[in-house]
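These notes concern the structure reproduced below.
The values are calculated or read from the model by the stated rules, or taken from the named source; none is laboratory data. This structure is a prediction, so every number in the text was calculated from the model and none was measured. Here the Cβ positions follow ideal geometry from the backbone for every residue, glycine too, while neighbour counts run over all protein chains shown. Keep in mind that these areas ignore ligands, DNA and RNA; they rest on the heavy atoms of the full protein, side chains included. Shrake-Rupley method; radii C 1.70, N 1.55, O 1.52, S 1.80 Å.
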Amino acid sequence: MTSTDSTQQPPAKAPAKDPWDLPDVSGLVVGVLGGTGDQGRGLAYRLARAGQKVIIGSRAADRAQTAADELGLGVEGADNAECARRSDIVIIAVPWEGHAKTLESLREDLAGKLVVDCVNPLGFDKQGAYALQVEEGSAAQQAAALLPDSRVTAAFHHLSAVLLQDASIDEIDTDVMVLGEARADTDIVQALAARIPGMRGVFAGRLRNAHQVESLVANLISTNRCYKAHAGLRVTDV
């Protein structure tokens, strides 16, 4: 005959993870595809200034090297494929018009990499900026579809290229909304954003929610034109 110990307690639940307990990413190499453009160049500069190892990628290696030499700070230049292969984290900062073609050509080079898409599909007319409709739902979702062997996240959409490149500014006062399917990956991107003084990475959901994050840039452009500013975002109460 067996008996059940009525005093036995269920196993205690593990404490919830602190969302601000982020990994150390200081030793990771960051590649910036589109690093010769304003946004990519600005991100490369800020990350290198924070002590991150940065490689700028471009279709032409010599153009990438010229941009890297201008930035200094140990930044290197390479063609897009080499940049992807040598990097642990790859930021996609290419123009929307070349987004799909660029990623298709680098599918093998980006396999296994943590990819951070910061591309905003926008159009412009006499009324200003407006969000474009993307078949996959967003630029980030397009990237995920084109890069099945990569870990795709989305972040760094709402940053002013002017402020990023301004060497007289020590801190970038903004939050970065980070989206992705795996929290381990978004934690890394949040930690990378936090390497830049004044900046904070905030988890903002899965990639299916990337469309409205990308589209919000059209509103920020309108705000900046009205107030002659370089507006960013702050998420309150977190």
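Residues being open to solvent by less than 10 Å² (accessible area, probe 1.4 Å), under 18 Å from Lys113 (Cα atoms) and aliphatic (A, V, I, L, M): count how many of those fall in region 28-43.
Within region 28-43, residues that are open to solvent by less than 10 Å² (accessible area, probe 1.4 Å), under 18 Å from Lys113 (Cα atoms) and aliphatic (A, V, I, L, M) number 3.
Rundown of residues vs (1) among the charged types (D, E, K, R); (2) farther than 23 Å from Leu216 by Cβ; (3) modelled with pLDDT under 95, yes/no style:
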position: Glu108; (1), (2), (3): yes, yes, no
position: Leu114; (1), (2), (3): no, yes, no
position: Gly123; (1), (2), (3): no, no, no
position: Gln127; (1), (2), (3): no, no, no
position: Ala131; (1), (2), (3): no, no, no
position: Gly137; (1), (2), (3): no, no, no
position: Pro148; (1), (2), (3): no, yes, no
position: Asp166; (1), (2), (3): yes, no, no
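Which of the numbered conditions does Asp62 fail, given that it passes all the others? Conditions: (1) touching a strand residue (DSSP E or B) at 6+ places or on another chain (Cβ under 9 Å); (2) under 22 Å from Lys113 (Cα atoms); (3) not β-branched (Val, Ile, Thr).
(2)
Only one of these is surrounded by fewer than 23 Cβ atoms within 10 Å (Cβ to Cβ), acidic (Asp, Glu) and within 16 Å of Ile92 (Cβ to Cβ): Asp185, Asp166, Asp173. Name it.
Exactly one residue qualifies, and that residue is Asp185.
Only residues that are under 21 Å from Gly205 (Cβ atoms) and either without any contact (Cβ under 8 Å) to a residue 60 or more places away in the chain or charged (D, E, K, R) (or both): list them for region 111-131, please.
The answer is Val115, Asp117.
Can you tell me which of Val152, Val116 is of a type in the set (Val, Ile, Thr) and closer than 28 Å to Asn224 by Cα?
After ruling out the rest, the residue left standing is Val116.
I'd like the residue in region 173-226 that is in a loop (DSSP other than H, G, I, E, B) and free of Cβ contacts under 8 Å to residues at least 40 places away in the same chain and, out of all such residues, is nearest to Trp20 (Cα to Cα).
Once the filter is applied, the top-ranked residue is Ala204.
Report yes if some residue within region 129-151 is surrounded by 17 or more Cβ atoms within 10 Å (Cβ to Cβ), of a type in the set (Ser, Thr, Tyr) and over 18 Å from Ala84 (Cα atoms); otherwise report no.
Checked against the condition, which is being surrounded by 17 or more Cβ atoms within 10 Å (Cβ to Cβ), of a type in the set (Ser, Thr, Tyr) and over 18 Å from Ala84 (Cα atoms), region 129-151 yields at least one hit.
Considering only residues that are closer than 11 Å to Gly35 by Cα and open to solvent by 50 Å² or more (accessible area, probe 1.4 Å), which ones fall in region 70-94?
Correct list: Glu76, Asp79.
Yes/no per residue for (1) under 14 Å from the mean Cα position of the chain (by Cα); (2) in a loop (DSSP other than H, G, I, E, B):
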| residue | (1), (2) |
| --- | --- |
| Ala143 | yes, no |
| Phe156 | yes, yes |
| Leu159 | yes, yes |
| Val162 | no, no |
| Ser168 | no, yes |
| Glu171 | no, yes |
